[in-house]
Structure formats: C-alpha cells, structure tokens
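Structure first, commentary second.
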C-alpha cells in the first residue's frame, strides 16, 4: 500500500512514528504538506498536485492537520475523498470536531456527559452566563484555541467579567464552562481507533497550573479506565465521525465528562505513557479498512 501522511512537518514525533510504522509493515509512506498542495477542481478528473506533480496511486491518507490550517487542509483532504481515496479521518468529521461549539452541541444532543457550558453574544448576558455555569471558579475558552491556549481560569466572578469583556473587545467567540473541582487539575486522554480505546493516560497539571496539557508541563501516566469512561470515549469519537481520535475526559460526581474530541491527537505522550505502538495500530486499522471509494461523504458537506 502507498499511504500519504498530510503533515506540515515531517520532523514531528507523530509524523516520524507514522512513517516508521507504515514502512515497518511493508508499505510506502509519503509525507506531504497540505499547504503546498494545489487542486484541480473544475475537472471531470479531480486531482491534487504537490510540487508540480500530480499525486496518484494513493491507497490511504492519514491527516495530521493542525488547527491553524484546518480550512485549507480539509479542502485538500476533501479532494482526495472526491478521488475515491480512503481517508482515515474524513474532512467533515475533522471540521465538525474543530468547531468546539458545534462539537459540544452534537455530544449534548446524544446525551454524552459534558461540563455545564454557556455561550452568548450580547454583553448584557455576561452575568446570567456566569450564573448559568454555577459561578466562579469557571473556565473561559476561546473557540479558536488549541493545546490549552486561550483557556483561562477565572477564580472570581469579577475576574470572569473582566476576561469576558476582554475577549468580547477582541471580537472573539468563547465558551464559559464550569470548573470541575473533583478533577483536581487532571484529565484522561483516551486514544480511540476504529471504535475501540487502544490506550489511555492520565494527565496532571503542574503545580500552580490548572491545564494538564503535557507541553505546558503536565505529567502523564498510564491509567486503567472504567467501563463508563471507555464507553463515553468511544461514543464521543463515533458522534464526531472520527475513526482515530483523542478524547479528553474529566472525572466528576456525575460520571465522566467530555472536554474535547481531538481529530489529530499527538502520539508522543500516549506512546511514552503506555508503551504501546499506537502508530502501528493506526496502520493496522488502515490495512483492515482501506478500500477505494469507501469514504462515506465522498467530499460532500
């Protein structure tokens, strides 16, 4: 098989591990920066070109799409779908998961546990919005933020009002969310492949920090999850339409609550914490499922 990895940096741990896993299993890997691709759209024979060369004879695409390039990179991925190439995660599913508000609304509609979350536009709704999620301490999240960036913990109502006013002055959209005290600055990352949790780790925030992201100094360790946590992670990935996903949960008195569903979850933290070859499991999934024209959306949506 020839497997294309859409990634902006072939030196990233995740990209290198995927290339290694592809080649280890006897296949051919090619890394392509989606921003350097261009597309033949108005044609009976849609195509994607990279460095003036048409990309042909691809059996599967593994999208490693960063949040900042979602719009263009998913357009490239959609073009491959139109060409009948199997994509591990489809463009519609990636776009759906990247829209934090839409993702939470879809999860809520299906009854998945979530932290109490509010969203408003008018400045007149600031106080009711804070009350809606139970008051301070509370978390304010930019819709465009990733990897813990644009996430603020407001420990008092006055601080919450100040942060909300600042975000509104920047014309930024944001969510206001309850702070789950029981989590104690820790969350669980469940790595889902093909409807199964293949690896899980607990991430704990460093001293003085409430965000557990590893690149912000958080610690990780292997954790055995409960059946309820496993079911919640699998359901969340399925609702987003993702074959490969990192589902972030926090424990609460109401059961596991979903914080986020990541369509391009990093491999370094989960592999080092669990000693599992997650990249190899992704390639194994492709071997079992990649077939021409199997894409459900076929570039639509």
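All of the numbers you see were taken from the coordinates with simple rules; none came from a lab. What you see is a predicted model, and the numbers here were worked out from it, not measured in a lab. Cβ sites come from the backbone with ideal geometry, for glycine too, and all protein chains shown count toward neighbours.
A few comments on the model shown:
- Reciprocal of mean inverse Cα separation for the chain (Kirkwood radius, Å): 20.2 Å
- Degrees, to the nearest 10: 278-289 long Cα axis against longest axis of the chain: 60 degrees
- Packing-based ranking, highest mean first, of 156-166, 189-199 given that Cβ atoms within 10 Å are counted: 189-199, 156-166
- Of all beta bridges that DSSP places with both ends in segment 2-89, some 35 percent have antiparallel geometry.
- Cα long-axis angle, helix 227-240 against the chain (0 to 90 degrees, to the nearest 10): 60 degrees
- Top of 185, 111, 246 by mean-square fluctuation, Gaussian network on the chain, Cα under 10 Å: 111
- With contacts taken as Cα pairs under 8 Å and at least 6 residues apart, segment 1-52 reaches a relative contact order of 35 percent.
- Length-normalised contact order for segment 117-179 - Cα pairs under 8 Å, 6+ apart - percent: 46 percent
- Beta bridges by DSSP in the chain, antiparallel share as percent, to the nearest 5: 80 percent
- Rounded to 10°, Cα long-axis angle of helix 13-24 versus longest principal axis of the chain: 30 degrees
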